[in-house]
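Structure record follows, encoded as structure tokens.
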Amino acid sequence: MIIQYLKKNGLITLALVIHLSFYVSYIFKTDSWIYPAGYYHNNYKGLDFYQVPKAAASWFRAQTFSPEIDDYWGDRIIRSNRNVYHPLLVMVLGVPLHFLSPEVAFEWWVLFKAILWLLGGIYLWRNYRDHPYGHWALFFFAAHSALGLEIRIGQFQELLNLCLLFALLAWFKGNIFKFNITYALSLLIKPTALLWLPLLLIRRHLKIVGMCALLVVLATVPFFWHNYIGYYIENINMRLNTRTIFGPPDIMSLNALLQSWGVSQGVLFNFKVVVMLATLMLAFFRRVSMFTLFYLLGLVNIFFDVYVYEYHYSVLIPFFVTGLLYISSMQKPFALILMIWAALPSAYGFFRLMGSSHLLNGMPDEFIWQWMVAMKLLPVCALAIYLLFFDIVNSN
């Protein structure tokens, strides 16, 4: 009976075991051999998470959404990164959380995200369990290694991933209303998919662009009063225009890797602009599918954003899930191999297991870091080339 169950649901069972292991690792910190301590902010819990409830506390205390790195939460000074999130997100999530103590708020946040992810998994199971690749889709939804990092540091990436997932599902179902809502929500959480707007314009989805833009504007305009939105616009502008590139040991972008190989920051900035424009130019060729273009523009963020950490690679989950459900090229064995490779942790654990001399107090030196970044980028780049090739060759 157990053997029959595993034959039918073995992939789902494996995915659940892996996903539960993320929470075991969160509770007992058992995955320190897989990732360097710096990936967990040197075990300073909440460095990313605290910025949102702390910004809410700052709003009530000083009418600003941009508190100092070391600033008050209640009667305690709490350290966090500077708030970069939209004021509406701060009001919706930060306000209720800031009434709790920092430690309790963090635990409630982890629980809240777990419930959202569970609901997303239930939705996929109920609607796609009989799909030929439904189990594979659920596997990547639950077992992508970057989820473990995201859970451990209490990031907000999971909210973005869920919004992008349901936006893509709505797109393939032709439900424009749901696409507008979920895509607009994704932009209010993190503007990762901002480049989808010019893509939609080029493909003449004018109503979609207009509605999404209207929703974002309506959610943003009230915060222009007294320039409460200034810090947010400044952050987006910095990320789009900066020529500064950070590197080892935790930045995992193509930009950082190329810089470590001697490419100048000026050349890399121009390269970023060329890649963005070239990707958008592909939209004029009808042979290239919208899914491929969505995926390519998702990679642009991973390649060139100022701050790309390993947990950011979880943004690939929505593309893996929807691709397996709706795109024939993503269902081929070659694509599956690339997705499995992309879902694995970076090569740090391998080097540590081998006792490499390139680890300094548990942290990778530049040599190991270059291998770690290259091994994360190779499968996602290969998948992009494969999707483009498949579209061009198989288009009618």
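Numbers for the structure displayed
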{"quantity": "Residues located in the range 224-242, provided they are in a helix (DSSP H, G or I) and of a type in the set (S, T, N, Q)", "calculated": "N227, N235, N237, N241"}
{"quantity": "Hits in the range 140-161 (condition: hydrophobic (A, V, I, L, M, F, W, C) and over 10 Å from the mean Cα position of the chain (by Cα))", "calculated": "F140, F141, A142, A143, L149, I151, I153"}
{"quantity": "Near pairs, Cβ below 7 angstrom, 6+ apart or cross-chain, from the range 159-181 (over 20 Å from G121 (Cβ atoms)) to any residue that is β-branched (V, I, T) and in a helix (DSSP H, G or I)", "calculated": "I176/I208; F179/I208; N180/I208"}
{"quantity": "Criterion (under 30 Å from F224 (Cβ atoms) and among the polar types (S, T, N, Q)) met by exactly one of N83, N175, N127", "calculated": "N83"}
{"quantity": "Y123, sole failed condition from (1) of a type in the set (F, W, Y); (2) surrounded by fewer than 17 Cβ atoms within 10 Å (Cβ to Cβ); (3) at pLDDT below 95", "calculated": "(3)"}
{"quantity": "Within the range 296-396, helices (runs of 4 or more DSSP H) holding 3 or more residues that are surrounded by fewer than 22 Cβ atoms within 10 Å (Cβ to Cβ) and at pLDDT 90 or above", "calculated": "333-343, 366-394"}
{"quantity": "Conditions (1) among the hydrophobic types (A, V, I, L, M, F, W, C); (2) at pLDDT below 85; (3) part of a helix (DSSP H, G or I): number failed by I245", "calculated": "(3)"}
{"quantity": "The lone exception for R239 - which of (1) at pLDDT below 80; (2) over 14 Å from F303 (Cα atoms) it fails", "calculated": "(2)"}
{"quantity": "Out of M290, M276, sole residue that is over 30 Å from R126 (Cβ atoms) and in contact (Cβ under 8 Å) with a residue 12 or more places away in the chain", "calculated": "M276"}
{"quantity": "Flag if V221 is crowded, with 19+ Cβ neighbours inside 10 Å and part of a helix (DSSP H, G or I)", "calculated": "no"}
{"quantity": "Any hit, the range 78-89, residues being of a type in the set (K, R) and part of a helix (DSSP H, G or I)", "calculated": "no"}
{"quantity": "Residues located in the range 72-101, provided they are surrounded by 20 or more Cβ atoms within 10 Å (Cβ to Cβ) and not hydrophobic (A, V, I, L, M, F, W, C)", "calculated": "S80, N83, Y85, H86, P87, G94, H98"}
{"quantity": "Matching entry among V267, V263 (being part of a loop (DSSP other than H, G, I, E, B), free of Cβ contacts under 8 Å to residues at least 12 places away in the same chain and surrounded by fewer than 18 Cβ atoms within 10 Å (Cβ to Cβ))", "calculated": "V263"}
{"quantity": "Selection count, the range 1-28, where residues are modelled with pLDDT of 65 or more and either of a type in the set (A, V, I, L, M) or within 22 Å of the chain's Cα centre (by Cα) (or both)", "calculated": "17"}
{"quantity": "Breaking point among (1) modelled with pLDDT under 90; (2) surrounded by 18 or more Cβ atoms within 10 Å (Cβ to Cβ); (3) more than 26 Å from L165 (Cα to Cα); (4) under 22 Å from the mean Cα position of the chain (by Cα), for I251", "calculated": "(3)"}
{"quantity": "Helices (runs of 4 or more DSSP H) wholly inside the range 127-210 that include at least 1 residues being of a type in the set (S, T, Y) and within 24 Å of Y232 (Cα to Cα)", "calculated": "176-189"}
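The values are calculated or read from the model by the stated rules, or taken from the named source; none is laboratory data. Quick caveat: nothing in here was measured; it's all calculated off a predicted structure. We place every Cβ from the backbone using ideal geometry, glycine too, and count neighbours over all the protein chains shown.
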